[in-house]
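Structure first, commentary second.
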Amino acid sequence: MQRILIDTDPGVDDALAILLAMLSPELHIEAITTVCGNVSVTQGTENLLRILGVLGLEEFPLIAQGEAQPLVKHLVTAAHVHGEDGLGNVSQLRNADGRPLYPSANTSISSTSGVDLILETVTRYPDELTLVALGPLTNIAKAIRKDAAKMQRLQRIILMGGAVEEYGNVTTTAEFNIFVDPHAAHEVFHFDVPIHLVPLDATHQIILTGERLHAETDKRPNRITQFLKDATQACMEFYRQHVGFWGFHIHDALPIGMLTHPDYFESVPAHVQVETEGILTSGMTVADLRQERRHPNPNAQVCIKVASEAFLDHFFERLQ
Ligand code: RIB
Ligand code: CA
């Protein structure tokens with residue numbers, strides 16, 4: 001059993017990752033912290049409660065709301081991809097009697113800040129907590145600034161972000177999570193804790209088509225599969241119009257899969273740095289994968305290959 005803390009900006013793919021993690025018996029989710037990113041952090045926290053409400057749980061991880069703004073830049077969100085509420089607009093859906101189709105989970109948000117809940121959780125489980133970062137790295141950078149010694153006790157950080165030999169998805173060179181807060185990412189990559197990076201190079205290897213999603217959800221109609229259908233409509237429409245296929249990349253589910261099925265993933269060591277000042281390249285992750293004269297001190301394991309079909313099969317086995 002692995003103890004994890006998920007830091008997230010829910011977001012549709014974050015929702016799928018959170019459901020997958022909650023339905024993975026190999027994992028114990030000690031806490032979930034929200035951060036600004038796909039949507040405002042207040043909206044993200046509301047979305048997290050709605051996601052957890054889908055599962056009909058009796059017990060919940062500790063939940064705390066994190067940072068509302070990146071370290072330096074102004075917040076850039078992605079509502080155009082994830083829907084106005086950041087969750088495919090499922091917050092608008094109603095039952096016949098007018099009640100919300102997806103009500104919030106019956107649990108409370110901690111009065112502790114996201115940064116302090118991260119520090120409290122790593123202190124509670126020194127050397128055995130994995131931090132899974134699915135959004136911009138603002139909370140993690142602020143926790144390091146606040147108490148680096150405590151954060152040194154993290155077993156590792158697994159983060160979805162960056163693009164190494166792949167183009168970016170916000171600019172030509174930058175992936176969203178790093179683009180939103182490059183200064184936080186710079187500080188995280190310079191912090192001495194094992195880092196596993198899951199960049200677009202890996203997440204773009206998996207395309208969840210609308211056809212596959214509907215075939216799988218129609219196989220076993222239930223509350224979770226209905227939520228999968230409802231929550232993903234908006235972003236699949238975005239992909240159809242702007243990316244060229246009806247479906248989407250389940251970016252954030254991959255770090256969860258890396259925890260439970262590491263054999264589906266292949267990584268290489270590399271020295272990774274983040275551009276924070278470039279006009280054209282702000283948010284670019286610069287990973288040194290040169291054959292010769294490679295940087296001698298790798299600071300991250302970079303995922304470059306995924307067993308896509310095996311992972312997708314596993315994803316649907318778990319979410320049904
Ligand atoms: O670039 C993809 C990442 O940005 C994912 O984490 C998605 O949720 C968005 O936050
Ligand atoms: Ca995310």
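When you go through Leu117, Leu48, Leu52 one by one, which is the residue that is crowded, with 19+ Cβ neighbours inside 10 Å, more than 29 Å from Met236 (Cα to Cα), hydrophobic (A, V, I, L, M, F, W, C) and in contact with a Ser or Thr (Cβ under 8 Å, 6 or more places away or on another chain)? Spell out the reasoning first.
On the way: Leu48 fails: more than 29 Å from Met236 (Cα to Cα); Leu52 fails: more than 29 Å from Met236 (Cα to Cα).
Only one candidate passes the filter, namely Leu117.
Scanning segment 28-41 turns up one or more residues that are open to solvent by 40 Å² or more (accessible area, probe 1.4 Å), in contact (Cβ under 8 Å) with a residue 12 or more places away in the chain, of a type outside the set (Ser, Thr, Tyr) and away from ligand 2 (no atom under 14 Å from the Cβ). Pairs linking a residue in segment 6-17 that is more than 14 Å from Ala79 (Cα to Cα) to a residue that is within 8 Å of ligand 1 (Cβ to nearest atom), with Cβ atoms under 6 Å and 6 or more positions apart or on different chains, are Thr8/Asp14; Thr8/Leu134; Thr8/Gly135; Ala17/Leu134; Ala17/Asp252. Residues in segment 180-211 that are of a type in the set (Asp, Glu) and closer than 12 Å to Leu137 by Cβ were compared, and the one that is farthest from ligand 1 (Cβ to nearest atom) is Glu187. From the list Leu131, Leu93, Leu101, Leu62, the lone residue that is open to solvent by less than 40 Å² (accessible area, probe 1.4 Å) and at pLDDT 95 or above is Leu131.
One residue alone among Glu187, Glu166, Glu175 is open to solvent by less than 60 Å² (accessible area, probe 1.4 Å), more than 24 Å from Arg50 (Cβ to Cβ) and away from ligand 2 (no atom under 16 Å from the Cβ), and that residue is Glu187. Checked against the criterion of being touching a residue at least 24 places away in the same chain (Cβ under 8 Å) and in contact with a Pro (Cβ under 7 Å, 6 or more places away or on another chain), the candidates Gly283, Gly210, Gly257 yield just one match: Gly283. Taken over segment 244-260, the criterion of being within 12 Å of ligand 1 (Cβ to nearest atom) and not in a helix (DSSP H, G or I) is satisfied by Phe248, His249, Ile250, His251, Asp252. Can you confirm whether segment 67-82 contains a residue that is away from ligand 1 (no atom under 14 Å from the Cβ), of a type in the set (Gly, Ala, Ser), free of Cβ contacts under 8 Å to residues at least 24 places away in the same chain and open to solvent by 10 Å² or more (accessible area, probe 1.4 Å)? Within segment 67-82 (the criterion being away from ligand 1 (no atom under 14 Å from the Cβ), of a type in the set (Gly, Ala, Ser), free of Cβ contacts under 8 Å to residues at least 24 places away in the same chain and open to solvent by 10 Å² or more (accessible area, probe 1.4 Å)), the answer is no, since none of the residues qualifies. Checking Phe238, Phe265, Phe315 one by one, the residue that is touching a residue at least 12 places away in the same chain (Cβ under 8 Å), surrounded by 20 or more Cβ atoms within 10 Å (Cβ to Cβ) and within 16 Å of ligand 1 (Cβ to nearest atom) is Phe315 and no other.
State all residues of segment 140-177 that are in contact (Cβ under 8 Å) with a residue 60 or more places away in the chain and within 21 Å of Ile4 (Cβ to Cβ); if no residue qualifies, say none.
Ile140, Ala141, Lys142, Ile158, Leu159, Met160, Gly161, Gly162, Asn177
Within segment 199-220, the presence of at least one residue that is among the small types (Gly, Ala, Ser), under 18 Å from the mean Cα position of the chain (by Cα) and modelled with pLDDT of 95 or more is confirmed. Flag: Leu213 matches the condition of being crowded, with 17+ Cβ neighbours inside 10 Å, away from ligand 2 (no atom under 16 Å from the Cβ) and part of a helix (DSSP H, G or I).
All told, Ile144 meets the bar of being under 21 Å from Leu71 (Cβ atoms) and at pLDDT 95 or above. Within the option set His82, His74, being more than 17 Å from Ala133 (Cα to Cα), more than 13 Å from the chain's Cα centre (by Cα) and within 16 Å of ligand 2 (Cβ to nearest atom) holds for one residue only, His82. Within segment 107-155, the set of residues being touching a Gly at 6+ places or on another chain (Cβ under 8 Å) and in a loop (DSSP other than H, G, I, E, B) comprises Ser113, Leu134, Gly135, Pro136, Leu137.
The values are calculated or read from the model by the stated rules, or taken from the named source; none is laboratory data. Keep in mind the model is a prediction, meaning the values are calculated, not measured. Glycine also receives a Cβ, built like all others from the backbone with ideal geometry; neighbour counts cover every protein chain displayed. With ligands, DNA and RNA removed, areas are computed over all heavy atoms of the protein, side chains included. Shrake-Rupley method; radii C 1.70, N 1.55, O 1.52, S 1.80 Å.
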